[in-house]
1. What number comes out for the charge environment of L152, summing +1 per Lys or Arg and -1 per Asp or Glu over other residues with Cβ under 12 Å away?
2. Please work out the C-alpha center-to-center distance from region 86-143 to region 5-62 and express it in whole Å.
3. So what's the Cα pair-distance distribution over region 1-134, bin width 5 Å, in %?
4. Can you find, among I26, I164, L127, the residue farthest towards the positive end of the dipole of the chain? Put +1 on the C-beta of Lys and Arg, -1 on that of Asp and Glu.
5. Does region 112-158 come out rounded, prolate or oblate, given a ≥ b ≥ c as the square roots of the eigenvalues of its C-alpha gyration tensor, rounded meaning a/c under 1.5 and, failing that, prolate meaning a/b above b/c?
6. How charged is the neighbourhood of H112? Take every other residue with its Cβ under 11 Å from the Cβ of H112, and add Lys/Arg as +1 and Asp/Glu as -1.
7. Within a Cβ distance under 13 Å of K34, other residues only, what is the Lys/Arg minus Asp/Glu net charge?
8. Can you find, among I190, G36, V69, the residue sitting farthest towards the positive end of the charge dipole of the chain, where Lys and Arg contribute +1 and Asp and Glu -1 at Cβ?
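Readers should treat all values here as calculations from the given coordinates under stated rules, not as data from a laboratory. The structure presented is a predicted model; accordingly, all values stated were derived computationally and were not measured. Using ideal geometry, Cβ is built from the backbone for each residue, glycine included, and neighbour counts are taken over all protein chains shown.
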Amino acid sequence: MFMNEIRSSGQFVVPGDRLGVIEEFIPDSGTYVKDGYIYSSNVGYVLIDFANKKVSVYPVARNMNVPRVNNIVAGWVASVQSTHATVQIIKVGRKFLSGRFTGIIHISDVSHRYLDNMYDAFRMGDLIRARVVSDKNKTYHLTTKDENLGVLYAFCSQCGDILIKRRRLRCRACGNIEKRKITSDYGKGIL
């Protein structure tokens, strides 16, 4: 990247806009680094401190509703692999989000008990409640280890109808029985 390609102080940026390279600047607040480049993680204005070689982004809006560490979030399971699940976060606390945020749950963050594979905890389309444990590099790492965290609503993987909790999760339409890591208030409508 040439010097004339680097953003200038006061320029308006959005998340993902390239600000510079780590060989020339130190990333500061409102930025993240990927593949040697510094990017904006906020909607705001670029601030370049040439004396200290730092670049930051001053946010346009304060207190935007975005996931933060220790927040309780709700979202839809978008994909499930053998060791992790991807979650499309739709709500932080009691407020719905307007932007798109994605979280990842690793198999070690699902439960206090040993888990063989993620398919026993989550399936695509499940609505879950989780806690943000890290936002390193703007990747939201989630956990469902608490009793009130996990699947709020699950759907049958065979027919798509909702699973009802009795002693186990059972499909009310086809009778299929499935496993999930459910919340203590599963199926009660509390998002």
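1. Cβ neighbours under 12 Å give a net charge of +4.
2. 28 Å
3. Bins of 5 Å from zero give 2, 10, 17, 16, 14, 12, 12, 9, 6, 2, 1 percent of pairs.
4. Of the listed residues, the answer is I164.
5. Numbers: a/c = 1.79, a/b = 1.56, b/c = 1.15.
Prolate, because a/c is 1.5 or more and a/b exceeds b/c.
6. 0
7. +1
8. Checking the options against the dipole of the chain, the answer is I190.
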